[in-house]
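Enquirer: First the structure, then my questions, so here it is.
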Amino acid sequence: MPGNFAPFEAKMRADGLSDAAVAAFKNAYDALTSGATGMIPESELTPASGVPKLVDVEAPEADAQLLAKTVVLKLNGGLGTSMGLDYAKSLLKVKGADTFLDLTAKQIMQMRDDLQTNVKFVLMNSFATSADTMAFFREKYPALYADPNLEFVQNKVPKIRRDNFEPALWPTKPSVEWCPPGHGDLYAALLGSGTLDSMLAQGSKYLFVSNSDNLGATLDPKLLSYFAQSKAPFMMECCERTSNDKKGGHLASRGGQLILREAAQCPDEDEDAFQDISKHRYFNTNNLWIDLEALKAIMTAHGGVVPLPMIKNKKTVDPKDDASTPVFQLETAMGAAIECFKGATAIVVPRTRFAPVKKCNDLLLLRSDAYACVNSVPVLAEGVTAAPSVSLDSKKYKLVQQLEANLIGGSAPSLKSCSSLTVKGDVRLSSKNVFVGSVTIKNESDEPKTLPPGRYENTTIDLTAAPGLGALKVSTLKTAPIDGQKPGTSGLRKKTAVFTEGKYLHNFVQATFDALRSTGADLECQTLLIGGDGRYYNDVAINIITKIALANGVRRVWVAKDGLASTPAVSALIREGGPQWKKVFGAFILTASHNPGGPNEDFGIKYNCENGGPAPEKLTNAIYKNTTTITSIKMCAECPDVDPSVLGETVIEARDGSRRVSVEVVDGVAAHVDLLRTVFDLGAIKALLDRPDFSICFDAMHGVTGPYAKALFCDVLGQPASCLINAVPKDDFGGHHADPNLTYAVDLTKKMGVDRLGQPVGSSQGVPSLGAASDGDGDRNMILGTQFFVTPSDSLAILAAHADCIPFFAAQGGIKAVARSMPTSGAVDRVAQAKNLALFETPTGWKFFGNLMDSKALFGGTDYTPFLCGEESFGTGSDHVREKDGLWAVLAWLQILAAHNAPGKPLVTVESIVKDHWATYGRNYYCRYDYEGVDKPKAQAMFAAMTSATSSNTGRVVQGSKIATADVFEYLDPVDGSISKNQGIRFLMEDGSRVIFRLSGTAGSGATVRMYIEKYVPPTGALHEVCANVVGDLVKAALELSSLVKFTGMESPTVIT
């Protein structure tokens, strides 16, 4: 059937694919439409013969000059989906803590050191593996990562409708319209990316190519020397076929030219001949040696392609939907290029050069003591003459997750004296199992059975009737992806009814554990912490998470008493809690922060990592990706529920004695209070609080902070309980919105004598000296003086200016750096400039501050601690934890007040400290308008319109202000090199004023549009005006620039701060 390639070319070029990629696909498409089947019948072939063996050839080892002309290239495009992986297969741990890429990187660096030659190393990644792979090298092997030529990315090609040979379209999921073109794409990708020309320009001549999962494929100096001496343009490494290899492709000869025939190219009637290993004796290891000059010449002669034979696969456009459009997927094999090079040759190599990991059988063998690593190359361990044969149950051990779930303690059994191991059924093994000779283990029951420790020699063991795991039996619950589970900067938040329906919570938790395993988190030997703000559904969620955690290998769970643990307290518990052997690897925090709680309101969950901070974007992306593909949940459904109201440890033991877990209810308050004792001079603060002319009111807003405030202010600082209001946690926050701002903290604002705009009302008589509030999960704060409101931005700047009053900072020589979120006012910038402090402007989200705090400890970079940071959204903190901390901010203000109030002197107030600050640094008049519950598509349309108009708005005059720059904020993280795009729209005025728009993801339903207005007045200007009067024209400009009323239909904001 004649085909029309034009729509394919247009599709590929629209997606940015190169001329070489288009030409290579056209070559395959033309073959398909010409009627070619891609089949190679037996009648055209003769068996390959006379293939030399490496053991028989004589060649000197390559010298440094030859090595300098050589490039080692690893094919690294696979995700390992057949083994259950959804990340680069090369990042799977294969020996100890080392992944495929660890071992490859170490091999390259070792060779460079040994030979004193810069052996070149390149990866061909795919779109699916590039980001993870490059992040891996950036973090672990910066010397290799620094090479700008470390990677190029393979192409993708369109799927072809079977009925009319046109591009397959699937609008509901456009990504499935594309497929990988096979590793034969190597040649087009080399040329199209410019890598081939770059290699030649750098004087490279020889290319050694192999798969990243083949650890036996090292750069052998003898093979290199042999290839160079042979003058062959192309050489394929082959191994002799065994019965295990009969279904794979083989080497043959056609018309005197060596060719490669793959299984998909063999006609059905020739299958017996194809599998005849006595006739077709050699298979392709996919270890290839290529003369780069010869490759360039062939591609030039053929219009930019290597004319590889086409391989046709019949599929459906959506591989998960058998009813979707039938398609052809065309691919090519890189080894097939052997027939394109005149004079191409092959060489038979030892089986040790072909050691890929294709199944869990291979992985278990490699992880066992049958193999040892010598110079980062896995070889048979001393005394092992032949690799054992391993046959694991294909259903129970198909996936890596299944294998790892059945390896107790994560360690493989001893196989160094084993000749064959067969496992039938679901069997749990450990390093305490020693196998000698031929061993078979079977379990015909419907639950996993554990093989007891011991030596097993030439025997068959039947575990069918053996005791099981009892309460620790792992049930596998079927599930399906649920839309909308992408965590934001503060986790996943939805209406409570969404979380309680079906397996919504279960899916997210399981997806998190799957993501954690892929990062190498130690789930078995360390502790999981669970706590939250006490909102409705926390108690149920705690038990769901605990049972899923135990099923995923966690052996120790800490649950905060009554389920109450503030977000900063969780960070403190992770960082400070317990002995090293009980170290917390991470925590689930059950909170929707300042959002309302209750059965008809919001619920939320977030994951914090081992540094105590929120999960980084790499992990949250992996979690979300898992939620889109999840099919099952592991759960110890028969495990008893934990009662979080009772302190103490519950130990649960498996019936067969193979597993013992601990669930302990711990004090969620003490660790945080103890940490704060080390940060502040509580004696000085107590002296301030005890002054007859000083009083404090703290509003916990019926959130989690109540017990912490009682422990701190009443038990430690000796203040009366009357200084606390709304201090009893409630699962619906008393029916209020536990957000510490002028709109919602009405009990506090009334007591402090201010209105919803922060202006004084009524008499100052009897008004406390300091008022403070915290939100539902205790990480936010609002500070007020007597009839005086302190904006969060001013609060951050004042804390920076007086940081030396705080012992935590002073004892370490003072703060080194400050950071603020981009929407936060620039008040702190002026302090940083005056005090010569490093300053960072980040996107909204505490994880960006956490990176800066951990720059040295985790990334080996600059040490920015002691560190102070904050956000305009009532969040302030330091590097004592990795979250914002409401109580810390209150104590910081008390510490500053204590330092300014000598005994017997008139009281220096909050208001006087703020006004003195303005007199020194000037004032940033600042306000935020929140438009809550906006229809999300309408909000997105508004932001899209502003984004598209950034260029035309630059230079425009609006309401008397000239826009110097209009842009979309983008952040390059100075610590890990990551880039965060689309972080808000900025209008930066020539006079230093700013208008900012951000779309917030923290609401449980709808969208929240945040509009930020800022105008700077110097110390000589009018510093004591009403903010609304000063920024009025900028508010009008913002509304005009955004067309907010038109897009959202909202005439006024929900909240003004």
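The values are calculated or read from the model by the stated rules, or taken from the named source; none is laboratory data. Keep in mind the model is a prediction, meaning the values are calculated, not measured. With ideal geometry, Cβ positions are generated from the backbone for all residues, glycine too; neighbour counts draw on all protein chains shown. Accessible surface is based on the protein model in full, side chains and every heavy atom, while ligands, DNA and RNA are left aside. Shrake-Rupley method; radii C 1.70, N 1.55, O 1.52, S 1.80 Å.
Enquirer: Among Ala466, Leu364, Ala670, pick out the residue whose Cα is farthest towards the positive end of the charge dipole of the chain, where Lys and Arg carry +1 and Asp and Glu carry -1 on C-beta, about the Cα centre.
Expert: Leu364
Enquirer: Would you please state which residues of region 368-398 a label at Asp322 would reach in this model, taking the label point 7 Å out along Cα→Cβ and a backbone N cut-off of under 20 Å?
Expert: Zone members listed by number: 395.
Enquirer: Please calculate the 1.4 Å probe accessible area of Ser825, with all protein chains present, and give it to the nearest 10 Å².
Expert: 0
Enquirer: What do you get for the angle between helix 1032-1042 and the principal long axis of the chain? Use alpha-carbon atoms, 0 to 90 degrees, nearest ten.
Expert: Between helix and principal axis, roughly 20 degrees.
Enquirer: With a point put 7 Å past each Cα toward its Cβ, work out how far Ala834 is from Ala381 in nm, to one decimal.
Expert: 6.7
Enquirer: Follow-up question, since we're still on this one. What is the ratio of the Cα radius of gyration of the chain to 2.2 N^0.38 Å, with N the residue count, to two decimals?
Expert: Its radius of gyration relative to the 2.2 N^0.38 Å reference: 1.06.
Enquirer: Could you tell me the relative contact order of the chain? Use alpha-carbon pairs under 8 Å, at least six residues apart, and round to a whole percent.
Expert: Relative contact order comes out at 8 percent.
Enquirer: Given a 1.4 Å probe and the protein chains all in place, what does the accessible area of Arg138 round to, in Å² to the nearest 10?
Expert: Solvent-accessible area, nearest 10 Å²: 80 Å².
Enquirer: Same structure, new question: Using a 1.4 angstrom probe on the protein heavy atoms only, could you order Asp674, Asp276, Asp777 from most to least accessible area?
Expert: Heavy-atom accessible area, descending, gives Asp674, Asp276, Asp777.
Enquirer: Quick check: from the Cα gyration tensor, does region 24-101 come out rounded (a/c under 1.5), prolate or oblate?
Expert: In terms of gyration-tensor shape, oblate.
Enquirer: If you line up the long axis of helix 221-230 against the longest principal axis of the chain, both from Cα atoms, how many degrees apart are they, to the nearest 10?
Expert: 50
Enquirer: If we count every other residue with Cβ under 15 angstrom of Leu150's Cβ, Lys/Arg +1 and Asp/Glu -1, where does the sum land?
Expert: So the environment of Leu150 carries a net charge of +1.
Enquirer: Ok, one more. May I ask you to rank Thr99, Thr242, Thr1020 by accessible area, largest first, using a 1.4 Å probe over the protein chains only?
Expert: Sorted by accessible area, descending: Thr1020, Thr242, Thr99.
Enquirer: So what's the gap between the Cα centers of region 490-540 and region 701-780, to the nearest angstrom?
Expert: 30
Enquirer: With r defined as the distance between the Cβ atoms of Arg956 and Val1026 and R0 fixed at 41 Å, what FRET efficiency is calculated, to the nearest 0.05? Please list the in-between numbers first.
Expert: On the way: r = 28 Å, r/R0 = 0.68.
Given R0 = 41 Å and the Cβ-Cβ separation, E is 0.90.
Enquirer: Before anything else, pin down the relative contact order of region 957-1027: Cα pairs under 8 Å, at least 6 apart, normalised by residue count, whole percent.
Expert: 21
Enquirer: Can you flag which of Lys74/Lys120; Lys486/Lys936; Lys106/Lys618 are past 21 Å Cα-Cα?
Expert: Lys106/Lys618
Enquirer: How much accessible area per residue does the chain have, counting only protein heavy atoms and a probe of 1.4 Å, in square angstrom?
Expert: Working: 40820 Å² over 1057 residues.
Dividing the accessible area of the chain by its residue count gives 39 Å².
Enquirer: Under the rule a/c < 1.5 gives rounded, and otherwise a/b versus b/c splits prolate from oblate, where does region 562-644 land using the Cα gyration tensor?
Expert: Numbers: a/c = 1.20, a/b = 1.13, b/c = 1.06.
Rounded.
Enquirer: Quick check on packing: order 307-314, 835-842, 455-462, 566-573 by the mean number of other C-beta atoms within 10 Å, highest mean leading.
Expert: 566-573, 307-314, 835-842, 455-462
Enquirer: How many percent of DSSP beta bridges within the chain run antiparallel, rounded to 5?
Expert: 60
Enquirer: Could you calculate the contour length gain from Leu54 to Thr920, that is, 0.36 nm times the residue separation minus the distance between their Cα atoms, to one decimal place in nm?
Expert: On the way: separation 866, 0.36 × 866 = 311.76 nm, distance 8.00 nm.
Between Leu54 and Thr920, full extension yields an extra 303.8 nm.
Enquirer: Still on this structure, I have one more. Highest first, please rank the peptides 217-224, 700-707 by the mean number of other Cβ atoms sitting within 10 Å of their residues.
Expert: For the peptides 217-224, 700-707, the packing ranking is 700-707, 217-224.
Enquirer: Same structure again: Under 5 Å between amide hydrogens, which residues at least 5 positions from Ser978 or on another chain qualify, with H placed 1.01 Å from N in the peptide plane?
Expert: The answer is Asp973.
Enquirer: Follow-up. Between region 76-114 and region 1-70, what's the alpha-carbon centroid distance in Å?
Expert: Region 76-114 and region 1-70 have Cα centres separated by 26 Å.
Enquirer: Between Arg13 and Asp446, what is the label-to-label distance in nm when each label sits 7 Å out along the Cα-to-Cβ direction?
Expert: Going from the Arg13 label point to the Asp446 one covers 6.0 nm.
Enquirer: Something else: Between region 902-940 and region 117-186, what is the separation of their alpha carbon centroids in Å?
Expert: 49
Enquirer: OK, next. Across every pair of different alpha-carbon atoms, what Kirkwood hydrodynamic radius in Å does region 432-533 reach?
Expert: 17.9
Enquirer: Could you check the spin-label model distance between Leu169 and Glu576? Points 7 Å from the Cα along Cα→Cβ, value in nm.
Expert: Between Leu169 and Glu576, the simple spin-label model gives 6.1 nm.
Enquirer: Also, quick follow-up: Could you tell me which residue out of Val761, Ile783, Gly771 lies farthest along the dipole of region 737-821 toward its positive end? Charges go on the beta carbon: Lys and Arg +1, Asp and Glu -1, centred on the Cα centre.
Expert: Val761
Enquirer: Of all DSSP beta bridges in region 808-896, what percent run antiparallel (nearest 5)?
Expert: 30
Enquirer: Leaving out ligands, DNA and RNA, and with a 1.4 Å probe, what % of the accessible surface on the chain is carbon or sulfur?
Expert: About 50 percent, which is the carbon plus sulfur part of the accessible surface.
Enquirer: When the Kirkwood hydrodynamic radius is evaluated over all pairs of different C-alpha atoms of region 777-875, what value in angstrom, to one decimal, is obtained?
Expert: 13.9
Enquirer: Rounded, prolate or oblate, given the Cα gyration tensor of region 278-389, with a/c below 1.5 counting as rounded? List each step's numbers first, then the result.
Expert: Details: a/c = 2.57, a/b = 1.31, b/c = 1.96.
Oblate.
Enquirer: Heavy atoms of the protein only, probe of 1.4 Å, neighbouring chains included. What is the accessible area of Asp715 in Å², nearest 10?
Expert: 100
Enquirer: Using only Cα atoms, tell me the angle between helix 792-801 and the longest principal axis of the chain; keep it within 0 to 90° and round to the nearest 10.
Expert: 90
Enquirer: Further question on the same structure: What pairs in Lys449/Lys634; Lys547/Lys847; Lys606/Lys634; Lys93/Lys398; Lys89/Lys396 have C-alpha atoms more than 22 Å from each other?
Expert: From Lys449/Lys634; Lys547/Lys847; Lys606/Lys634; Lys93/Lys398; Lys89/Lys396, over 22 Å: Lys547/Lys847.
Enquirer: Would you mind computing Rg(Cα) / (2.2 N^0.38 Å) for region 340-464, counting N as its residues?
Expert: Cα Rg divided by the expected 2.2 N^0.38 Å: 1.20.
Enquirer: Separate question: Stick to the Cα atoms of region 714-831, pair each with every other, and give me the Kirkwood hydrodynamic radius in Å at one decimal. Please report the intermediate quantities before stating the final value.
Expert: Numbers: mean 1/r = 0.0617 Å⁻¹.
Kirkwood radius, region 714-831: 16.2 Å.
Enquirer: Using a simple charge model, +1 on the beta-carbon of Lys and Arg, -1 on the beta-carbon of Asp and Glu, nothing else, what dipole does the chain show about its Cα centre, in debye to the nearest 20?
Expert: On the way: 106 positive and 116 negative charges, 122 e Å.
Once rounded to the nearest 20, the dipole reads 580 debye.
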